[in-house]
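The values are calculated or read from the model by the stated rules, or taken from the named source; none is laboratory data. Computed from a prediction, not measured in an experiment: that's the story for all the values here. When we count neighbours, we look across all protein chains shown, and the Cβ atoms used for this are built from the backbone with ideal geometry, even at glycine. Remember, those area values only see protein heavy atoms, side chains included, never the ligands or the DNA or RNA. Shrake-Rupley method; radii C 1.70, N 1.55, O 1.52, S 1.80 Å.
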Amino acid sequence: MTSFQNPFIATLNGQSAMRPPVWFMRQAGRVLPNYLKLKANHTFAGLLEDADLAARVTLLPIDDLGVDAAILFSDILVVPQALGMQLDFTDHGPVFGTPLHRAANPLAGLKADASKLEHVYRAIDRIVATRNPNTPLIGFCGAPLTVFCFMFRDNVRDITFKHAIEFLYKERHQAEIILDALTDMSIEYALNQVKHGVDAFQLFETYGGLIPQDLYVDLILPRAARILQAVRGAGVKTIYLPKDLGYGITAITPEMTDFVSIDWHMPLATARQLVHPAIGLQGNLDPRLLYASQPVIEKELEKYLAFGRIHHDWIFNLGHGLLPDIPFENVKFVVDWVKQASWNR
Ligand SMILES: O=C(O)CCc1c2[nH]c(c1CC(=O)O)Cc1[nH]c(c(CC(=O)O)c1CCC(=O)O)Cc1[nH]c(c(CC(=O)O)c1CCC(=O)O)Cc1[nH]c(c(CCC(=O)O)c1CC(=O)O)C2
């Protein structure tokens with residue numbers, strides 16, 4: 001494994017760095033002028049499937065923003081593709097050919113084909129071969145509830161995921177079989193990412209707030225933990241993003257993950273009181289603050305100084321991903337601020 005002189009890796013490993021590390025979800029796509037130029041000539045699927053291009057896009061934020069880590073340029077929906085579902089990334093969002101509630105037999109339609117993920121591994125090989133050696137690479141996949149929800153979606157504007165949640169309540173046994181298939185494929189996928197050289201791994205449960213917390217904790221958390229534990233067992237640190245899980249974050253144990261990523265609803269200091277002390281935190285700036293002027297942004301950033309001075313097991317990030325129309329200059333401003341602020345450690 002590569003040895004890094006990097007605050008992201010130091011912090012993940014429980015060593016004190018002089019400042020918090022900084023990276024952003026959705027840092028490669030969406031706001032970078034150099035990405036938008038590439039996007040003018042390529043489709044999203046075209047970028048993902050070409051290992052050279054995927055590697056270039058993954059590494060763009062290192063040069064253009066100066067962040068401390070790169071995250072693989074891919075998507076959480078490649079796992080349903082590897083379970084045999086046909087998927088198009090359209091201009092309006094990802095669309096499945098036959099969402100599961102419309103399949104005559106949802107279970108029979110799922111046939112694992114792990115070769116559909118080979119392009120991701122080729123991209124990782126290319127990133128590892130071309131990066132500056134001090135650039136850690138974060139691998140990722142979607143967590144079981146979020147990916148399950150997308151597999152049932154037939155309208156890109158439906159953020160209630162009606163069909164998936166209905167199926168979960170009406171067909172609990174079948175839903176569990178699908179969740180298990182997803183979990184197994186995610187473990188295989190995550191372990192292959194590790195084999196090809198990712199240095200950290202984030203599990204995205206973007207829609208963790210769609211169901212009651214106790215149902216999440218009973219039905220989903222053990223499956224998310226299986227994925228995270230497989231990665232940790234292979235020697236790679238994990239970050240778990242259980243977005244909108246609220247007080248449910250108290251159910252996460254140090255056996256499940258190394259870090260938890262906090263959304264913007266709860267102050268970071270409150271999250272610190274709720275999450276087990278042996279688990280590090282990531283987050284939690286509201287991405288929409290980045291629409292404001294830089295003096296307004298700076299005032300909010302200053303509120304993190306007291307927290308960051310004391311808590312060295314904290315990765316600076318947003319509460320969720322960058323949005324497409326956030327000004328690039330403001331994103332760069334945040335990175336520069338985190339790197340130059342007086343953390344007094
Ligand atoms: O249709 C939808 O409801 C949702 C979102 C959507 C997904 N893939 C998608 C889209 C369309 C879009 O982003 O415009 C399709 C998708 N995935 C991605 C992009 C690139 C971009 O945002 O400009 C795009 C847009 C493609 C295009 O240009 O048309 C890339 C992607 N997805 C993801 C990641 C990992 C990360 O976030 O850092 C990354 C790579 C990192 C990066 O761009 O810097 C993960 C992902 N994809 C997805 C989700 C679920 C939830 C969500 O974003 O609301 C999540 C998890 C999450 O971000 O919390 C699903």
Yes/no for A28 being touching a strand residue (DSSP E or B) at 6+ places or on another chain (Cβ under 8 Å), farther than 16 Å from H312 by Cα and open to solvent by less than 10 Å² (accessible area, probe 1.4 Å): yes
Long-range neighbours under 6 Å by Cβ, at least six apart or interchain, first residue of a type in the set (D, E) within the stretch 238-266, second at pLDDT 95 or above and not in a loop (DSSP other than H, G, I, E, B): D258/K237; D258/T238
All positions within the stretch 91-111 that are touching a residue at least 40 places away in the same chain (Cβ under 8 Å) and under 16 Å from N155 (Cα atoms): H92, G93, P94, V95, F96, P99, L100, H101, R102
Yes/no for Q5 being near the ligand (Cβ under 10 Å from one of its atoms), of a type in the set (S, T, N, Q) and out of contact with any Leu (no Cβ under 6 Å at 6 or more places or on another chain): no
Sole residue being free of Cβ contacts under 8 Å to residues at least 60 places away in the same chain and within 12 Å of the ligand (Cβ to nearest atom), chosen from T146, T160: T160
Residue check, L191 part of a helix (DSSP H, G or I), touching a helix residue (DSSP H, G or I) at 6+ places or on another chain (Cβ under 7 Å) and either without any contact (Cβ under 8 Å) to a residue 60 or more places away in the chain or open to solvent by 30 Å² or more (accessible area, probe 1.4 Å) (or both): yes
Residues of the stretch 43-69 satisfying the condition of being within 9 Å of the ligand (Cβ to nearest atom) and in contact (Cβ under 8 Å) with a residue 40 or more places away in the chain: T43, F44, A45, L48, T58
